[in-house]
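Participant: Starting off with a structure, shown below.
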Amino acid sequence: MGVTRSFDLYAVLSVTHRLPSKWSMHQAILEFITGTQIESPVGVLPARPACREWILGQHPQLRGIPRRPDFADDDYAGMDAWADALKRQYGAELEIAAMPVGHWQQPSLMEIVLLYKDPNRVHVVDPDRPGFGGQGPW
């Protein structure tokens, strides 16, 4: 196995089970695993599923964790309690190996947009307006 780093289980669960977390914590684990800079939440779209499978390949025991509860947006105590219970079972930190160099190729912004765009939605772009006048999901 190549380069490894310990991550708090909360950060790992943000990738594997979509546990809401701070952007910096989520970004740090994705950037470490992929070896690339992820500068915006849009870059997370293709990276998160690849990183999720990468982590679960290293720690298959995490596959046994049920889907996270649907927390209210501000139920930080509930999220923390769920994560703390899992920390008691799986450990507070997990050692994660980075992907080998060249294993991950971050798609361009256009590739991401095409990959995740709704085929039933039309976006009108005006190059003369700030932000191109787009009304898209970004």
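Participant: With respect to residue 102, is the statement that it is over 11 Å from the mean Cα position of the chain (by Cα) and part of a helix (DSSP H, G or I) true?
Facilitator: Spelling it out, it is not the case that residue 102 is over 11 Å from the mean Cα position of the chain (by Cα) and part of a helix (DSSP H, G or I).
Participant: Could you check the stretch 48-92 and list, in sequence order, the residues that are of a type in the set (A, V, I, L, M), open to solvent by less than 50 Å² (accessible area, probe 1.4 Å) and not in a helix (DSSP H, G or I)?
Facilitator: 65
Participant: Moving on to the next point. Pick out the one residue from 63, 88, 52, 68 that is among the basic types (Lys, Arg) and at pLDDT below 90.
Facilitator: 68
Participant: While we're on this one: Out of all the residues in the stretch 19-26, is one or more in a helix (DSSP H, G or I), at pLDDT 95 or above and open to solvent by 70 Å² or more (accessible area, probe 1.4 Å)?
Facilitator: no
Participant: Which of the residues spanning the stretch 32-47 are open to solvent by less than 50 Å² (accessible area, probe 1.4 Å), in contact (Cβ under 8 Å) with a residue 40 or more places away in the chain and not aromatic (Phe, Trp, Tyr)?
Facilitator: Once the filter is applied, which keeps residues that are open to solvent by less than 50 Å² (accessible area, probe 1.4 Å), in contact (Cβ under 8 Å) with a residue 40 or more places away in the chain and not aromatic (Phe, Trp, Tyr), the stretch 32-47 yields 33, 34, 36, 38, 42, 43, 46, 47.
Participant: Among the residues of the stretch 4-14, are any at pLDDT 90 or above and open to solvent by 70 Å² or more (accessible area, probe 1.4 Å)?
Facilitator: yes
The values are calculated or read from the model by the stated rules, or taken from the named source; none is laboratory data. Keep in mind that this is a model prediction, so the values were computed, not measured. Note: ideal-geometry Cβ built from the backbone for every residue, glycine included; neighbour counts use all protein chains shown. Note: accessible area is taken over every heavy atom of the protein model, side chains too, but ligands, DNA and RNA are not part of it. Shrake-Rupley method; radii C 1.70, N 1.55, O 1.52, S 1.80 Å.
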